[in-house]
Amino acid sequence: MRIFIAIDIPQDVKERIYDLQKRYYKKGYSLNKDIHITLRFLGELELNQVNDLISKLKEISFKKFRVDISGVGFFRRRGMITSVYLLIYSKEILNLKVCVDNFINLKYDKELPFKTHITLFRFKKLSMNDYNMEIDYKDSFFVGSFSLIESKMVNGFREYAILETFKLL
C-alpha cells in the first residue's frame, strides 16, 4: 500500500481553492483535485505496518491550530516548472510534523525537504518564460485533524482513500 499522512482541509476552503484553480486553468495543466497538506510521505507499506502506524498515530495529543494561506510558489526541475502551489504559514504544522515523525519512528526510503504547501497545478514541462500567473489568494482555517491516506492508481489516475482520521484536541 502506498501511504502518506496529510492535514485535512475544510470543505469550504477546498471549494474556494477549486474556484481559484478554475479561474487560472489552461490546457496542459493538471489540476490537483484532492487538496490536502502532506505531512509525511511513507511510500509502500505492508498491511501490518499500516495497522501498527494507526495505533501509534492514535497516541498523538496535539492542539488544533490556525493555518494562513498567502501567495504562491512553484517547484522546478532542470529549469522547468513542475507545479504551482499555495504558500502555507503556520509554525504549528512543523511542530505537528515533528510530533508525527517521532511517534511513527519508521525508516523512510528518502528524506525530502519539508515545504508546507497546497498544490494547485502540475505540469509535464512548463518553461519559466511561459509562466505568467499572478495569483493573489489569501485564506485561513483551523486544523482539527490529520489523516492516514492510501494513494492508488485507478485508470491511470491517482485516487486517495482515507484509512483513518486522527482528531486534534
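The values are calculated or read from the model by the stated rules, or taken from the named source; none is laboratory data. Every value quoted in this text rests on a predicted model; they were computed, and no experiment measured them. Every residue, glycine as well, gets a Cβ built from its backbone with ideal geometry; the counts of neighbours run over all protein chains shown.
Couple of notes before you dig in:
- Each residue in the stretch 130-155 was checked for being surrounded by 16 or more Cβ atoms within 10 Å (Cβ to Cβ) and either touching a Gly at 6+ places or on another chain (Cβ under 7 Å) or modelled with pLDDT of 95 or more (or both), and 7 pass.
- Inter-residue pairs, beta-carbon under 6 Å, first on the phi < 0 side of the Ramachandran plot and of a type in the set (Lys, Arg) and in the stretch 127-144, second at pLDDT 85 or above and not in a loop (DSSP other than H, G, I, E, B), 6+ apart: LYS138/SER70
- Residues that are touching a helix residue (DSSP H, G or I) at 6+ places or on another chain (Cβ under 8 Å) and aromatic (Phe, Trp, Tyr) occur in the stretch 81-104; there is at least one.
- Of all residues in the stretch 130-169, those that are within 23 Å of ASP101 (Cα to Cα) and hydroxyl-bearing (Ser, Thr, Tyr) total 5.
- Residue that is surrounded by the fewest Cβ atoms within 10 Å (Cβ to Cβ), among those in the stretch 1-43 that are aromatic (Phe, Trp, Tyr) and in contact (Cβ under 8 Å) with a residue 40 or more places away in the chain: TYR25
- ARG158 being under 18 Å from the mean Cα position of the chain (by Cα), surrounded by 15 or more Cβ atoms within 10 Å (Cβ to Cβ), assigned to a strand (DSSP E or B) and at pLDDT below 85: no
- Cβ pairs under 8 Å, 6+ apart, first in the stretch 85-102 and loosely packed, with under 13 Cβ neighbours inside 10 Å, second not in a helix (DSSP H, G or I): LEU94/PHE114; LEU94/THR116
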